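Beneath this line is the structure, given in structure tokens, with notes to follow.
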Amino acid sequence: MILDLARSRLTRAADSTDTASMLSPADPPPKVMAVAGGGHDGPSPLCRAAGLALAALARVLAGSSIRWIASQPDTCQRVYFANHTSHLDAIVIWSSLPQAIREITRPVAAKDYWSRGIVRRWLAEQVFDAILIDRTDIKVHQSPVDLMLREIGSTKSLIVFPEGSRSVSGEIGEFKSGLYYLAKKRPDIELVPVHIDNLNRVLPRGEFLPVPLLSCISFGPPLWLERGEAKLDFLERARRSVIALKE
Amino acid sequence: MNDIRTIALIAGVLALLTAATAVGQFLKRHPDRGLDPAAVNTFNLRLRGWWIMCTVLAAAFWLGTTATVLLFGLVSFWALREFITLTPTRKGDHRALFWVFFAFTPLHYVLVALNRYDIFSVFLPVYATLFVLARVAVAGDYKRFLERTAKIQAGLVVCVYCLSFAPALLQLPIAGSAAAEGAGNFRLLFFLILLVQFADCMQYVWSRMLGRRLVASAVSSNRTWEGLLGSAMSTALLAAVLWWAAPPFEPWQAAIAGFVVAIMGFAGGMTMSAIKRDRGVKDYGTLVVGHGGVLDRIDSICFAAPVFYHMTQLIAGIGPR
């Protein structure tokens, strides 16, 4: 399960199904977690091969056509922000990036889901090189945004879902504020809107077997926080940029 | 495939494609001929699709009957994907769709490969239909129930069931093909696809030349009655000329087959146009750039294949076992 950038304790309007399935009693109540793995010295050949295989599988299964609209793949530091419709979102966006970019792009994922079980943890830590965020224990002074910024350093990119949870209706909901703080703290990073179409039909909420329909991933032109732009204005502009890719 | 008829058929098609490609390239280089550049472009894209179709078909045949059945199975799978992607489904259909894609479609093609006509002729239309109805009901969402199940069933029948009659032609026990095992059956399949593609083309050509009365202007803006008649006549003529390629047919029987195939192909095109119009799209997919989707290419074959199969059965005097 992928989570939004900053589900602060205050704004957290818990989406009951999501949360219930994710809170495992076995999870110890950790402090802000240290991110394991991290691929600091490059992934091992096995992990690379697994990454390639998974990317290919995800592309075949989700049948994604990939469009870059007024936008180009680039290895510069970016934050890809997308609408959230399915568990597959992060993997499919990740696999629709060219390989050189994929290797420096880290999805942001929920720790409680992705650190459960050996396979999942190995995938998250070694293959996707995900940044796992503990959303059950978010400290005011140690926000996920800081953690993400620390983790990506000055080379890596991020995949985030600012809506917070997977939308049920198919409408793109309000964005949470994390994207704004990311943009404010690192004004040099390009924010690339991504629109995911039809993936919620491939693997809807609450299902575990996929149906191989065709999806479409559209990347839009990057945007930045304007000087003096208010938080809500910026978040709405970012949201509109994702909706605009729907056509 | 080392007999003279197969070689003649393939050489003829290759020569035709090569000539057409040359003409297409010439027209592309000389845009001052007073021809619509968009039409030239469409023509060239179509040609590319045919080259791909031809190559894949030849490769599959060279690998054998099972490989050909498998190839058509993959095409069916992809076409069904495009079909269901375009049709709105609800979450309650998800589990039913999973079984349709991963159990019924592959199993049907296994039955085709095993030549179990007695089972595969009812497997999808009866058993898959019953399953889909029951599975969607059990999922508990009754909204527009009949509409939703009908969509899934229509997809299965057109994309999977009907198309599978094309590779099933390879299994027909045609008298007189014992000498060159399987070559006659392969020519039969090739004959069908050739006729369907030719009918599509002729439909376009005749509509452009003589087309006055549109069949259904709301559904298709280029299919006319004149085009349909012209295409059926020309396809009948081509079929009669090529009768030697299709084992059990006499020239006049081949002509009738050509006529019927052209009309069925037309019906397929109209049907898919109606669905596309309803969904507000032009093409089904983006697999081969500019060539629409897989479903756009095979819609006429889907409709023509079962009719052609049963006509062949009838003429060859092969009853259902």
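The values are calculated or read from the model by the stated rules, or taken from the named source; none is laboratory data. Bear in mind the structure is a predicted one, so any value in this text is a computation, not a measurement. Ideal geometry is used to build each Cβ from the backbone, glycine not excepted, and the neighbour counts take in all protein chains shown.
Here are the numbers:
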quantity: A:Ile152, sole failed condition from (1) away from chain B (no Cβ under 14 Å); (2) under 30 Å from A:Ala244 (Cα atoms); (3) surrounded by fewer than 17 Cβ atoms within 10 Å (Cβ to Cβ); calculated: (3)
quantity: Evaluation of A:Ser241 against (1) buried (at least 20 other Cβ atoms within 10 Å of the Cβ); (2) away from chain B (no Cβ under 14 Å); (3) of a type in the set (Ser, Thr, Tyr) (one fails), failing number; calculated: (1)
quantity: Tally, over the range A:164-192, of residues that are within 14 Å of another protein chain (Cβ to nearest Cβ) and farther than 19 Å from B:Asp93 by Cα; calculated: 1
quantity: Every residue from the range A:193-214 that is in a loop (DSSP other than H, G, I, E, B) and at the interface with another protein chain (Cβ under 7 Å from one of its Cβ atoms); calculated: A:Asn198, A:Pro204, A:Glu207, A:Leu209, A:Val211, A:Pro212, A:Leu213, A:Leu214
quantity: Residues (more than 7 Å from chain A (Cβ to nearest Cβ) and surrounded by fewer than 16 Cβ atoms within 10 Å (Cβ to Cβ)) located in the range B:91-105; calculated: B:Phe102, B:Ala103
quantity: Residue within the range B:197-211 that is touching a strand residue (DSSP E or B) at 6+ places or on another chain (Cβ under 8 Å) and assigned to a loop (DSSP other than H, G, I, E, B) present; calculated: yes
quantity: Members of the range A:155-164 that are at pLDDT below 85 and over 14 Å from A:Ile196 (Cα atoms); calculated: A:Gly164
quantity: Failed item, numbered, when B:Leu111 is tested on (1) surrounded by fewer than 18 Cβ atoms within 10 Å (Cβ to Cβ); (2) away from every other protein chain (no Cβ under 14 Å); (3) over 19 Å from the mean Cα position of the chain (by Cα); calculated: (1)
quantity: Criterion (hydroxyl-bearing (Ser, Thr, Tyr) and within 14 Å of chain A (Cβ to nearest Cβ)) met by exactly one of B:Thr68, B:Thr87; calculated: B:Thr87
quantity: Any hit, the range A:191-203, residues being at positive phi, surrounded by 16 or more Cβ atoms within 10 Å (Cβ to Cβ) and under 14 Å from the mean Cα position of the chain (by Cα); calculated: no
quantity: Matching residues in the range A:44-67 - criterion: being more than 14 Å from every other protein chain (Cβ to nearest Cβ) and either in contact with a Ser or Thr (Cβ under 9 Å, 6 or more places away or on another chain) or buried (at least 20 other Cβ atoms within 10 Å of the Cβ) (or both); calculated: A:Gly51, A:Leu54, A:Ala55, A:Ala56, A:Leu57, A:Ala58
quantity: Residue satisfying all of: in the range B:114-140; within 14 Å of another protein chain (Cβ to nearest Cβ) and in a helix (DSSP H, G or I); farthest from the chain's Cα centre (by Cα) among these; calculated: B:Ala139
quantity: Condition check for B:Leu35: in a loop (DSSP other than H, G, I, E, B), modelled with pLDDT under 85 and more than 14 Å from every other protein chain (Cβ to nearest Cβ); calculated: yes
